[in-house]
Amino acid sequence: MVKTISSLQNPFIKQLVQLKEKSKLRKQTGLFIIEGKREVSLAIKGDYTIETLYYYADLFSAAEAAALGAYGIDIIEISKPVYEKVAHRETTEGVIAVAKTKDLSLDNLKLSSKNPLILVAESPEKPGNIGALLRTADAANIDAVIIANPLTDLYNPNIIRSSVGGVFTVPLATGSTKEVIAYLKRNNISIYSAILQESVAYDSIDFKTSSALVIGTESSGLTDEWRDDSTANIQIPMEGKLDSMNLSVAAGILIFEAKRQRKHP
């Protein structure tokens, strides 16, 4: 029989709320929250282990829940007050899952291509920007996204939401800037750093070989380590009065130029 929880004071529900709000607890327990049918489905396809699935029957049917139970997931029905308490947003379709995090260290990053195209973002902080980067990476089907010097927990519910589940579809890794540079060099991947100084136009570079496109924050850009170890510094010429653009927009321009070159050598 399916378990049911109707009390807001239930310890499982209290843990759900804390997992949603506290990065420290997510790191300590190795657990995080996923909301929404598509996101849960993408997590399963991405080989994430779902431990428990909570569903609100008015929005997510018992039959749908039972189908997910076939994956060995513990299924629990929750009441409307409980669902409203734990849901991060109103449009999560009545389903919330607790999943195990993955070790995102560079040692675990497996590149399936012998000629990879990688996006590296140094110290992105805003979950919305990180989510948008992952959506762009998924759209282009690049080989990996690496976050250097991460400032934000990548299993933050806002990142999962803004990436529309892209956090589960794109090979992902994190590490210090020094570790990322060493990883790229060890794997013979050229480093193209988006830096204004001593740079060339991005579309003058040949991205058809193994390449890492490296972007920094809108406010402070990349640290000097990238300039020192870059194969080439690149820039997107700015023709207006402003000197910067949104992080995900810049990433999209660079990624799709590389993809264009690879399709039309």
Q | Residue among Thr209, Thr169 that is under 24 Å from Lys259 (Cβ atoms) and either in contact with an Asp or Glu (Cβ under 7 Å, 6 or more places away or on another chain) or open to solvent by less than 40 Å² (accessible area, probe 1.4 Å) (or both) | A | Thr169
Q) In segment 134-146, which residues are touching a strand residue (DSSP E or B) at 6+ places or on another chain (Cβ under 6 Å) and touching a residue at least 40 places away in the same chain (Cβ under 8 Å)? A) Ala137, Ile142, Ile146
Q: Please enumerate the residues belonging to segment 230-257 that are among the β-branched types (Val, Ile, Thr), assigned to a helix (DSSP H, G or I) and touching a Ser or Thr at 6+ places or on another chain (Cβ under 8 Å).
A: Ile255
Q) Can you name every residue in segment 197-206 that is of a type outside the set (Val, Ile, Thr) and surrounded by 14 or more Cβ atoms within 10 Å (Cβ to Cβ)? A) Ser199, Tyr202, Asp203
Q) Can you name every residue in segment 41-66 that is open to solvent by less than 60 Å² (accessible area, probe 1.4 Å) and either closer than 19 Å to Lys102 by Cβ or under 15 Å from the mean Cα position of the chain (by Cα) (or both)? A) Ser41, Leu42, Ala43, Ile44, Gly46, Tyr48, Ile50, Thr52, Leu53
**Q.** Among (1) buried (at least 17 other Cβ atoms within 10 Å of the Cβ); (2) within 18 Å of the chain's Cα centre (by Cα) - the single one Arg38 does not satisfy
**A.** (1)
Q. Gly36 versus (1) on the phi > 0 side of the Ramachandran plot; (2) without any contact (Cβ under 8 Å) to a residue 24 or more places away in the chain: which is the lone unmet condition?
A. (2)
Q | Out of Lys100, Lys110, Lys80, Lys85, sole residue that is free of Cβ contacts under 8 Å to residues at least 40 places away in the same chain and surrounded by fewer than 17 Cβ atoms within 10 Å (Cβ to Cβ) | A | Lys80
Q: Please enumerate the residues belonging to segment 222-235 that are buried (at least 18 other Cβ atoms within 10 Å of the Cβ) and without any contact (Cβ under 8 Å) to a residue 60 or more places away in the chain.
A: Ser230, Asn233, Ile234
**Q.** Filter result (buried (at least 21 other Cβ atoms within 10 Å of the Cβ) and either among the hydroxyl-bearing types (Ser, Thr, Tyr) or within 15 Å of the chain's Cα centre (by Cα) (or both)) within segment 15-34
**A.** Phe32, Ile33, Ile34
**Q.** Unique match (being of a type outside the set (Gly, Ala, Ser), farther than 12 Å from Ala121 by Cα and touching a residue at least 60 places away in the same chain (Cβ under 8 Å)) among Lys185, Lys263, Lys178, Lys259
**A.** Lys259
**Q.** One residue from Asp206, Asp138, Asp153 being of a type in the set (D, E, K, R) and over 30 Å from Ile96 (Cβ atoms)
**A.** Asp206
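The values are calculated or read from the model by the stated rules, or taken from the named source; none is laboratory data. These figures come from a predicted structure and were not determined experimentally. Methodologically, a virtual Cβ is constructed for each residue, glycine included, from the backbone with ideal geometry; neighbour enumeration extends over all protein chains shown. Remember, those area values only see protein heavy atoms, side chains included, never the ligands or the DNA or RNA. Shrake-Rupley method; radii C 1.70, N 1.55, O 1.52, S 1.80 Å.
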